[in-house]
Amino acid sequence: MSALFLVMTLLVAVLHFVFGFQYVVVLTDSMEPKIHPGDLVVVYPSKDVQPGDVILYRIEIGGTEYRIIHRVVAIRTDQEGRIYYVTKGDNRRYVDPWRVYPDQVLGKLLFVIPHVGRLYYYLPLIITALILSLMALIGYELVKILLEEEEKPSREPLYALRRSRDMYMLRRSRRPGRGRF
């Protein structure tokens with residue numbers, strides 16, 4: 001699994017930097033059953049958009065820019081003669097309420113990599129968890145080493161114990177009226 005992830009990451013990086021391809025992690029179910037949340041979608045730059053094409057476009061809603069991947073269902077012209085696209089998610093009943101102009105289109109769907117987007121989405125969390133786990137393990141081992149150093153018996157108390165036992169036996173054997181065993 002990790003080798004496949006590495007190969008796909010390298011492929012996406014090469015496609016992005018060499019050919020201008022873009023990718024996005026799908027967060028909603030609006031394009032199911034073809035594209036699922038957690039899939040990584042790769043798109044390529046294209047000005048030739050036709051009805052039926054799945055496109056990635058950017059749109060500003062309430063001051064926030066979003067990147068959306070939906071299907072083009074119609075091509076229309078506004079009152080000023082500018083072409084725009086009518087889009088809709090495959091899993092939605094109604095068309096999107098906004099107009100998508102050609103300058104907003106980032107690209108057309110090239111391919112979908114199932115579930116790989118989840119790794120990209122959660123990678124910072126996974127790395128953080130690994131680092132924290134590693135730090136905890138190192139801390140545990142350090143504490144264990146320090147405690148072992150404190151509990152390590154020295155030879156001096158053992159020598160003193162033997163000596164006191166020998167002295168006791170010697171004193172006992174020298175008492176008057178007592179024989180030697």
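The values are calculated or read from the model by the stated rules, or taken from the named source; none is laboratory data. Remember, it's a predicted structure, so these values are computed and weren't measured experimentally. When we count neighbours, we look across all protein chains shown, and the Cβ atoms used for this are built from the backbone with ideal geometry, even at glycine.
Numbers at a glance
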item	result
Matching residues in the range 64-82 - criterion: being in contact with a Lys or Arg (Cβ under 7 Å, 6 or more places away or on another chain), surrounded by 12 or more Cβ atoms within 10 Å (Cβ to Cβ) and free of Cβ contacts under 8 Å to residues at least 24 places away in the same chain	73
Complete set of residues in the range 9-24 that are buried (at least 17 other Cβ atoms within 10 Å of the Cβ) and within 21 Å of residue 122 (Cα to Cα)	12, 22, 23, 24
Matching entry among 61, 55, 35 (being within 19 Å of residue 105 (Cα to Cα) and either touching a Pro at 6+ places or on another chain (Cβ under 6 Å) or loosely packed, with under 14 Cβ neighbours inside 10 Å (or both))	61
Sole exception among (1) under 19 Å from residue 116 (Cα atoms); (2) out of contact with any helix residue (DSSP H, G or I) (no Cβ under 7 Å at 6 or more places or on another chain) for residue 19, by number	(1)
Residue within the range 96-109 that is surrounded by 19 or more Cβ atoms within 10 Å (Cβ to Cβ), in contact with a Pro (Cβ under 7 Å, 6 or more places away or on another chain) and of a type in the set (Gly, Ala, Ser) present	yes
Neighbours by Cβ (under 9 Å, 6+ apart or cross-chain): first from the range 99-118, in contact (Cβ under 8 Å) with a residue 60 or more places away in the chain; second assigned to a strand (DSSP E or B) and surrounded by fewer than 14 Cβ atoms within 10 Å (Cβ to Cβ)	106/58
Filter result (surrounded by 11 or more Cβ atoms within 10 Å (Cβ to Cβ) and at pLDDT below 90) within the range 43-52	43, 44, 45, 46
